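Asker: Before anything else, here's the structure in question.
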Amino acid sequence: MDDLVRATGVNRHSIYKEFGGKRQLFLASFDHYTKTIVSPAFSRVEETNATLDAVSDYYEQQITLAETNGLPGPGCFIANSMTEVAPHDQEVQSIVDNHNQRLMQGFVNALRNSLTSASTKSETEIKQLAQIMLVFTNGLWSQSRRVSDGQTLRDAASNFLSLIRRDLS
């Protein structure tokens, strides 16, 4: 709270009055983060005709943002909350679950649209690949907390997507 008071110039009482307390401010942060960070980057993956190229663009946009803000960086607010808060807080767990479900749906969409005509992937296999993509994505953003070079993240994303594309053919 001290950092927030210093950064905004708003006194602590006004912040508490607006949000009702630290917890309410923390929970409101998820909505703001989703609107300002997640949605602008991930919405392209959710487009009806999105392919793995959209996933690649999503990774690139977030890696570029991390570089702009300075690496190593804070990582993803939701991924951090998933490991640090959600195991002990049902409300945060629900927010994280909804976020991860959104990513899963986007990845399933991109995978379906990336299938080649020769592919024989079942719906179950597509969902399994999307689950792997979800785990990779959360890990990639966690990795951004320890690397100082965005190229490390780009290489990991590129190699990962190459493996996924190979599996789809």
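The values are calculated or read from the model by the stated rules, or taken from the named source; none is laboratory data. Note that the coordinates shown come from a computational prediction; the quantities given were computed from them, not determined experimentally. Note: ideal-geometry Cβ built from the backbone for every residue, glycine included; neighbour counts use all protein chains shown. Remember, those area values only see protein heavy atoms, side chains included, never the ligands or the DNA or RNA. Shrake-Rupley method; radii C 1.70, N 1.55, O 1.52, S 1.80 Å.
Asker: Work out the length of the dipole vector of the range 43-169 about its Cα centre, built from +1 on the beta-carbon of each Lys and Arg and -1 on the beta-carbon of each Asp and Glu, and round it to the nearest 20 debye.
Answerer: 280
Asker: Lys/Arg Cβ at +1, Asp/Glu Cβ at -1, dipole of the range 54-129 taken about the Cα centre: which of A86, V55, A110 is farthest positive-ward?
Answerer: Towards the positive end, the residue furthest out is A110.
Asker: To continue, here is another question. Which order do the peptides 102-113, 130-141 come out in when sorted by mean C-beta neighbours inside 10 angstrom, highest first?
Answerer: Per-residue mean Cβ counts within 10 Å order the peptides as 102-113, 130-141.
Asker: With every atom except the alpha carbons ignored, what do you get for Rg and Dmax of the range 1-125, in angstroms?
Answerer: Values for the range 1-125 (Cα only, Rg and Dmax): 18.1, 63 Å.
Asker: Related question: Give me the extension gain from N113 to E47: residue separation times 0.36 nm, minus the current Cα-Cα distance, reported in nm with one decimal.
Answerer: 22.7 nm
Asker: With the crude spin-label approximation of a point 7 Å out along Cα→Cβ, what separation in nm comes out for D31 versus D149?
Answerer: 4.3
Asker: Further question: Report the equivalent ellipsoid semi-axes for the range 39-88 in whole Å, largest first, defined as the square roots of five times the eigenvalues of the gyration tensor built from alpha carbon atoms.
Answerer: Equivalent ellipsoid semi-axes, largest first: 23, 16, 7 Å.
Asker: At a 1.4 Å probe radius, which order do H99, H88, H32 fall into by accessible area, largest first?
Answerer: H88, H32, H99
Asker: Show that you can apply the helix-only estimate: for the chain, add -39,500 (n - 2.57) for every DSSP H stretch of four or more residues, divide by all residues, and state [θ] at 222 nm to the nearest 500. Working shown, then result.
Answerer: Details: 9 runs with 126 residues, N = 169.
Result for the chain, helices only: -24000 deg cm²/dmol.
Asker: To continue, here is another question. Obtain the nm distance between the two label points defined at D97 and N80 by a simple spin-label model: each point lies 7 Å from its Cα along the Cα-to-C-beta direction.
Answerer: If labels sit at D97 and N80, their model points lie 2.4 nm apart.
Asker: Please compute one quarter of the surface area of the Cα convex hull for the range 57-169 and express it in square nanometres.
Answerer: 7.2
Asker: A further question on this structure: When only alpha-carbon atoms are used, what values of Rg and Dmax, in angstrom, describe the range 54-114?
Answerer: Cα only, the range 54-114: 13.8, 38 Å (Rg, Dmax).
Asker: Relative to the longest principal axis of the chain, what angle (0 to 90°, nearest 10) does the C-alpha long axis of helix 52-69 take?
Answerer: With rounding to tens, the tilt is 30 degrees.
Asker: What accessible surface, in Å², does a 1.4 Å probe find on E60, ignoring ligands, DNA and RNA and rounding to the nearest 10?
Answerer: It works out to around 70 Å².
Asker: Given an 8 Å cut-off on Cα distances and at least 6 residues of separation, report the relative contact order of the range 27-169 as a percent.
Answerer: Worked out over the range 27-169, it gives 34 percent.
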